[in-house]
Every structure is written in structure tokens, then in C-alpha cells.
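Engineer: The structure's right below; bear with me while I get my questions together.
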Amino acid sequence: MCITDIVLKMPWWYFLSMILITSFHAIRALIEQMRMYADAETQRLRQAENQRPRQVSKGFKVIYSYIQEILFKIIISASAFIALLIVNHILSLVKSFNEIGVGTAIFLIFLIFWGIVGISGYLTHLIVAGKLPYSK
């Protein structure tokens with residue numbers, strides 16, 4: 001059975017929750033980018049009160065940061081939902097937990113971690129920073 005068959009058998013409520021949570025993360029990413037840009041502009045204005053700040057065209061700003069961040073959040077959130085769907089499928093095929101090999105167990109732990117952290121919205125920070133958020 002391939003991944004396409006697993007995804008096509010996805011229940012409607014799971015697909016709907018994937019769309020809603022992914023959309024939430026995309027909107028949140030857009031708001032975060034707009035806020036970071038506004039904070040950077042405010043800081044530039046404070047540093048150079050007498051100088052006119054460099055103006056970045058709105059089209060460049062949208063293409064450069066907003067679209068990239070939105071796509072990143074959408075891909076990560078959707079992949080997290082699919083990871084948990086794969087975990088569910090693998091566990092439904094297993095008759096006993098004693099039959100699970102070490103490699104399969106590690107793979108399942110990785111997919112569960114990917115799914116939970118991805119759906120919660122922190123996986124993008126983990127990937128970019130290389131560490132869990134708020135850890136030193």
C-alpha cells in the first residue's frame with residue numbers, strides 16, 4: 001500500500017481539521033511577518049530620525065517574506081497531519097506490539113514527534129533554529 005492510498009482513505013473530519021489548522025498557521029505566519037516588518041521599520045526610524053528610511057516595495061515584501069513563510073507553514077502543518085495518519089495506518093496493521101522492530105519503533109517515534117510538534121506550530125521554529133523553542 002502506498003502513501004496515496006493512505007491519504008485517499010483519510011476521514012472527512014481529519015481532512016477538515018487539517019485544512020483549518022493549516023490555514024490558522026498560515027494566517028499566523030502572515031501576521032508574524034507583518035509584525036516583524038513593522039518592528040524593523042520602527043527601529044530603523046528611531047535610528048535615523050533625520051534620514052529618510054529605505055522604502056521596500058510592497059510587491060517585493062510580499063514575495064520575499066510573506067509567501068515564503070505561508071508556504072513553509074502550510075507544508076509543515078500538512079506533513080504533520082500526514083505523518084500522524086501514517087502512524088495510525090502502521091499501528092492498525094500491527095497485531096502485537098512485540099512484533100514491532102527497532103527500526104519501525106524509531107520511525108514511529110519520529111513520525112509521532114513530527115506530527116505533534118508540526119500540528120502545534122513549533123516545528124518550523126525547530127527546523128529554522130535547530131533546537132526546541134525557548135530552550136537554551
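The values are calculated or read from the model by the stated rules, or taken from the named source; none is laboratory data. Predicted model, so just to flag it, every value in this text is computed and none were measured. A quick note on method: Cβ atoms are made from the backbone with ideal geometry, for glycine too, and the neighbour counts reach across all protein chains shown.
Engineer: What's the number of the only condition in (1) part of a helix (DSSP H, G or I); (2) at pLDDT 70 or above; (3) exposed (fewer than 15 other Cβ atoms within 10 Å of the Cβ) that K95 fails to meet?
Structural biologist: (1)
Engineer: If you don't mind, there's one more thing I want to ask. Would you please name the residue that is nearest to A29 (Cα to Cα), looking only at residues in segment 108-124 that are in a helix (DSSP H, G or I) and without any contact (Cβ under 8 Å) to a residue 12 or more places away in the chain?
Structural biologist: Filtering first and then ranking leaves S120.
Engineer: If you go through segment 1-58 one residue at a time, how many are among the charged types (D, E, K, R), part of a loop (DSSP other than H, G, I, E, B) and at pLDDT 80 or above?
Structural biologist: 1
Engineer: Hey, another quick one. Just checking, which of L123, L111 is under 24 Å from the mean Cα position of the chain (by Cα), surrounded by 12 or more Cβ atoms within 10 Å (Cβ to Cβ) and modelled with pLDDT under 90?
Structural biologist: L123
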